[in-house]
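Q: To start, I am sharing the structure in question, which I have written as structure tokens.
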Amino acid sequence: MNNNYEGHDLKGTILRLERSSIYDGDGYRTVVFMKGCPLRCQWCSTPESQNYKIEEAEGNTYGKIMTVEEVLKEVRKDIPFYFHSGGGMTISGGELLSQAEFVRCLLQRARWEAIDTAIETTLFGDWETAEPILRASNTVFVDLKITDDEKHREYCGVSNKRILENLKRAGTMNADYRLIVRTPLIPGVNDSEAELERIGQFCAQLTNLHHFQLLPYHRLGTDTYRKLGRPYLLKDLRAPSADHIEWCREITGKYVKTVI
Ligand code: SF4
């Protein structure tokens, strides 16, 4: 195989590669977690993905430098599993738009090799950077956390203006990817009737939307905060009950097909 394609030797900072995931797209997925994220969601379950630099804590190293071709070499090992399960490669984060050129080259080459591609992003970045990445993806998962800008700043550390603008463009442009919008359901933060109504109404205008998904809050990742010496601000929060999750699903379900 000719490995002198565009960007083959570009270097990226990878948090880790996870094989045989069944949660990040169709079939068995090889998930490439990129390091670095400009958001600081208080419920983030992968705090080790947030910093751009490689970190060391309690004998663990979080992150390593790899080239596009080195990542693809690992991904190709799983091709037999993709074939039988309809799987492929998913790029996640952190926020993948933080290393956009690396991600674009990786996705485009994977597609060229007929590997199914999916991305998980907040769309917090420039549209010009995001668009080619979206177009190189078969499935696009976008996190929509909170519609209220002030609250978004408070709980996620940044304004949501660019996220909402980009999501509207991604959801209405002429495109051939499957768009799935996901909202992490955080008790007391975005699970009120008014907020869920706004999320449902926003998603209803996205003509590319395949479906909407609620991701109930969980406490995974709290031990990593301790290892990294960072406070976990939501330590008293409990996971929502099954009844409450169903109540939330009914509200957004008035506007868009909602799955849990
Ligand atoms: S966008 Fe994702 S990776 Fe970034 S802080 Fe929020 S939950 Fe964590």
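Q: Quick one: in segment 196-213, which of the residues that are open to solvent by less than 50 Å² (accessible area, probe 1.4 Å) and not in a helix (DSSP H, G or I) is nearest to the ligand (Cβ to nearest atom)?
A: Ranking the candidates gives Gln213 first.
Q: Return yes or no: is Val189 of a type in the set (A, V, I, L, M), surrounded by 16 or more Cβ atoms within 10 Å (Cβ to Cβ) and closer than 24 Å to Asp243 by Cβ?
A: Taking the combined requirement at face value, the residue satisfies it.
Q: Shifting gears a bit: Could you go through segment 54-70 and let me know if any residue there is at positive phi and within 16 Å of the ligand (Cβ to nearest atom).
A: yes
Q: Please enumerate the residues belonging to segment 1-41 that are surrounded by 16 or more Cβ atoms within 10 Å (Cβ to Cβ) and aliphatic (A, V, I, L, M).
A: Within segment 1-41, Leu10, Ile14, Leu15, Leu17, Val31, Val32, Met34, Leu39 qualify.
Q: What number of residues within segment 138-195 are part of a helix (DSSP H, G or I), among the hydroxyl-bearing types (Ser, Thr, Tyr) and within 15 Å of the ligand (Cβ to nearest atom)?
A: Final tally of qualifying residues: 1.
Q: Quick check on this structure: which one of Leu39, Leu15, Leu97, Leu10 is under 15 Å from Ala118 (Cα atoms) and at pLDDT 95 or above?
A: Matching residue, one of Leu39, Leu15, Leu97, Leu10: Leu97.
Q: Same structure again: Can you work out which of the residues in segment 18-45 that are among the polar types (S, T, N, Q) and farther than 26 Å from Leu233 by Cβ is nearest to the ligand (Cβ to nearest atom)?
A: Top of the filtered list is Ser21.
Q: Sticking with this one: Name the single residue, out of those in segment 106-137 being surrounded by fewer than 19 Cβ atoms within 10 Å (Cβ to Cβ) and of a type in the set (D, E, K, R), that is nearest to the ligand (Cβ to nearest atom).
A: My answer is Asp126.
The values are calculated or read from the model by the stated rules, or taken from the named source; none is laboratory data. Just so it is clear, the model here is predicted, and its values are computed rather than measured. No Cβ is skipped: glycine too gets one built from the backbone with ideal geometry, and neighbour counts run over all protein chains shown. Accessible surface areas use protein heavy atoms only, side chains included; no ligands, DNA or RNA. Shrake-Rupley method; radii C 1.70, N 1.55, O 1.52, S 1.80 Å.
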